[in-house]
Amino acid sequence: MDRKDSYTEVFLKAAGVDTNEKLIKDFRPIWWLSTRGKDVGGLRMTDQCLDFLHDKAEIKTYKIDIPKELTISSQVLIWLDQYLDTPFHLTKKHVTVLSEKAAFELYLFSGDVKKFGTARSLAKRLRQESTSE
């Protein structure tokens, strides 16, 4: 069971739904934008998943506004996919996360997900360079 399946099971249980492997597999394409299995990332939720979390599971989420002038490019989507270790939902106006830590990190960047991704990417590169020396 990968992370998406684990989260799907937790979401269903939070709503009081009895889960089984088939039900979890049925919800995978409905709740996750990327249905392929990945060790890291791939936790971008669909609108249906976010609605379920709010309406049925009543799981706490954190909404961070994105600056109006920011354009969500494909590179920004890749960074969010790689560096957010919590399920997230993205619109042009805000990003919603399930982790208080991730919300705080995004808040520190004033919701500028491009700066967030750039900083995380540079930090990763510096770690790689320092371990290779």
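The values are calculated or read from the model by the stated rules, or taken from the named source; none is laboratory data. What you are looking at is a predicted structure, and each value in this text was computed from that prediction instead of being measured. In this analysis, Cβ positions are derived from the backbone assuming ideal geometry, glycine residues included, and neighbour counts consider all displayed protein chains.
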A57 vs (1) closer than 23 Å to K13 by Cα; (2) under 16 Å from the mean Cα position of the chain (by Cα); (3) of a type in the set (A, V, I, L, M): all pass except (2)
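Please indicate, with yes or no, whether at least one residue in segment 63-77 is outside any loop (DSSP other than H, G, I, E, B), out of contact with any strand residue (DSSP E or B) (no Cβ under 7 Å at 6 or more places or on another chain) and not polar (S, T, N, Q).
Checked against the condition, which is being outside any loop (DSSP other than H, G, I, E, B), out of contact with any strand residue (DSSP E or B) (no Cβ under 7 Å at 6 or more places or on another chain) and not polar (S, T, N, Q), segment 63-77 yields at least one hit.
Go through the residues of segment 18-40 one by one and say whether even a single one is in contact (Cβ under 8 Å) with a residue 60 or more places away in the chain and outside the structural domain of L122 (by TED's automatic domain parsing). Before the answer, list the steps.
Quick first cut of segment 18-40, residues in contact (Cβ under 8 Å) with a residue 60 or more places away in the chain only: none.
No: zero hits.
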Of everything in segment 81-116, what is touching a Ser or Thr at 6+ places or on another chain (Cβ under 7 Å) and either in the same structural domain as C49 (by TED's automatic domain parsing) or in a helix (DSSP H, G or I) (or both)? Give them in sequence order.
A102
Need pairs with beta-carbon distance below 6 Å; first residue surrounded by 11 or more Cβ atoms within 10 Å (Cβ to Cβ) and within segment 117-131, second not acidic (D, E); sequence gap 6+ or separate chains.
G117/V76; G117/W79; R120/Y83
Do you know which of the residues in segment 72-85 that are in contact (Cβ under 8 Å) with a residue 40 or more places away in the chain and surrounded by fewer than 16 Cβ atoms within 10 Å (Cβ to Cβ) is nearest to K60 (Cα to Cα)?
D85
Counted residues, segment 109-133 - those being over 17 Å from V76 (Cα atoms) and either hydroxyl-bearing (S, T, Y) or at pLDDT 85 or above (or both):
7
Take the residues in segment 1-38 that are acidic (D, E) and part of a helix (DSSP H, G or I); name whichever of them is surrounded by the fewest Cβ atoms within 10 Å (Cβ to Cβ).
E21
